[in-house]
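Encoded as structure tokens, the structure appears first; notes follow it.
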Amino acid sequence: MMSFVFRSVTRALCYTAVSLVLYASSAQAASGFVAGKDGMLSVPEASPLRSQIQVAAVQVGMPRDTLTVPGNIAAEPRRIFPLLPPVTGRILSVSATPGQHVVRGQELVRIMSGDMAQAVTDQEKAEAGLLMARSAMVRAQEVRKAGGAATKDVEAAHAALLDAEAEEGRARLRLLSLTDKYGGEGGVLVLRAPASGVIASLSAAPGVNITDMTAPLLVMEDLSEIWVVANIAEVDGNDVQVGQSVVVSLPAREGIAIPAQVSSVEPDFHADTRRLQAMIVLANPDEDLKPNMFASVAIQIKQPVGLMVPQSALLMNNDTVTVFVETAPWVFQRRVITISYDEGENTQVLSGLRIGERIIVRGGVLLNDD
């Protein structure tokens, strides 16, 4: 009786085990693939996944040869001229308007200034003092020759002459700093264009008193040569170098493509945008290119050939990038790879794959729930 019970229990346990195995197999079959203990995933011949999965060999591809980044037109900093008033005073007249083209030396603003009048007066007084000191020195030397003056009198006259020369030099340079660059007479200072260009902005008007000499009365720009500022993403920072060929296109100028070269690259990324700026110098004789216009910059870069796989083959798995590698016909194994960058529909692989290995390039996500 006991042996019969034991055989019955054993038979029931065997039936249960077989049922569990059959259930697991049927569950895997329903999913379309079978997972082995070694991590291999096999797709049976009758599985519907075979029609949804595409396998291809890994091949060497040519990475991108152009990097297209956004940019904008900017005036070259050395060609921007903010006109600051060198003295305080009252504006008498303004001979400039925004957008006006001016030539070097053209009168722009007249200012009545007490500082200017003081500089002229100081120069005149210094010249008179120098004339008197020279006359006194001559007299002292003549008297000494006649035996009627002591040596100390000549030395005193000489010291006074040196003081007068120094004062005259100071007053002359002060007045020269106001009139040489600008021009004027008496208490009137004339601000003139330091270069040929266009008036970009104007904040001066007749009758206005100037109290802040750090605020420009107007800003001039020479737009005969401008910059295209290309904004390079952090991941592409090492790919852009001085001298690389570029093609600049403008959304506002459809059909226009301007060939040029990278003139300079900033050494630091901008903290707010995490972008590196590269400058391209363009001639702009007609001033058709305006500051702050949008631009698109295609930069020719040189990349070595490498393994390229479709982005559809890449799978994310716990913060790693993986692909399914075919180890036997319709048998796959997950493998971690390292990628460099995306180029269109393809991605460059740095490590984890070899040329000729076959991977799932489409439909791998169907096996991604193992």
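The values are calculated or read from the model by the stated rules, or taken from the named source; none is laboratory data. All values derive from a computational prediction rather than experimental measurement. Cβ placement follows ideal geometry from the backbone for every residue including glycine, while neighbour counts extend to all protein chains displayed. Please note that ligands, DNA and RNA were not included when accessible areas were found on the heavy atoms of the full protein model with its side chains. Shrake-Rupley method; radii C 1.70, N 1.55, O 1.52, S 1.80 Å.
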Exercise. Between Rg and the Kirkwood Rh of region 170-258, both from Cα atoms, what is the Rg to Rh ratio?
Worked result: 1.18
Problem set entry | Cα-only radius of gyration and Dmax that characterise the chain, units Å | 41.9, 162
Problem set entry | Highest-MSF residue in the chain out of GLY352, GLY89, GLY197 [GNM, Cα springs under 10 Å] | GLY352
Problem set entry | Helix axis angle, 151-179 relative to the chain longest principal axis, alpha carbon, degrees | 50 degrees
For this session: Using only the Cα atoms of region 245-370, build the gyration tensor, take square roots of its eigenvalues as a ≥ b ≥ c, and label the shape rounded, prolate or oblate: rounded if a/c is under 1.5, else prolate if a/b is larger than b/c, else oblate.
Result: prolate
For this session: Determine by what factor the alpha-carbon radius of gyration of region 113-154 differs from 2.2 N^0.38 Å, reporting the quotient.
Result: 1.75
Exercise. At a 1.4 Å probe radius, carbon and sulfur cover how many percent of the accessible area of region 298-370?
Worked result: 51 percent
For this session: Can you pull the one-decimal nm distance between simple spin-label points at SER312 and ASP38, each 7 Å off the Cα toward Cβ?
Result: 3.0 nm
Seminar exercise, completed: To the nearest 0.05, the calculated FRET efficiency linking PHE269 and LEU350 through their beta-carbon distance, R0 being 30 Å, is 0.80
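Across the chain, where is the longest run that never hits GluC sites (Glu not before Pro) in a DSSP loop with at most 14 other C-beta atoms within 10 Å?
46-286
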Seminar exercise, completed: Residue-normalised 222 nm signal for the chain, counting each DSSP H run of n ≥ 4 as -39,500 (n - 2.57), nearest 500 deg cm²/dmol, is -9000 deg cm²/dmol
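With a/c under 1.5 counting as rounded, go ahead and sort region 259-313 into rounded, prolate or oblate using the C-alpha gyration tensor (a ≥ b ≥ c being the square roots of the eigenvalues; past the cut-off, prolate if a/b is larger than b/c, else oblate).
Prolate is the answer for region 259-313, as a/c is 1.5 or above and a/b outweighs b/c.
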Seminar exercise, completed: FRET efficiency for ARG79 and VAL235 from the Cβ-Cβ distance with R0 = 35 Å, rounded to 0.05, comes out at 0.60
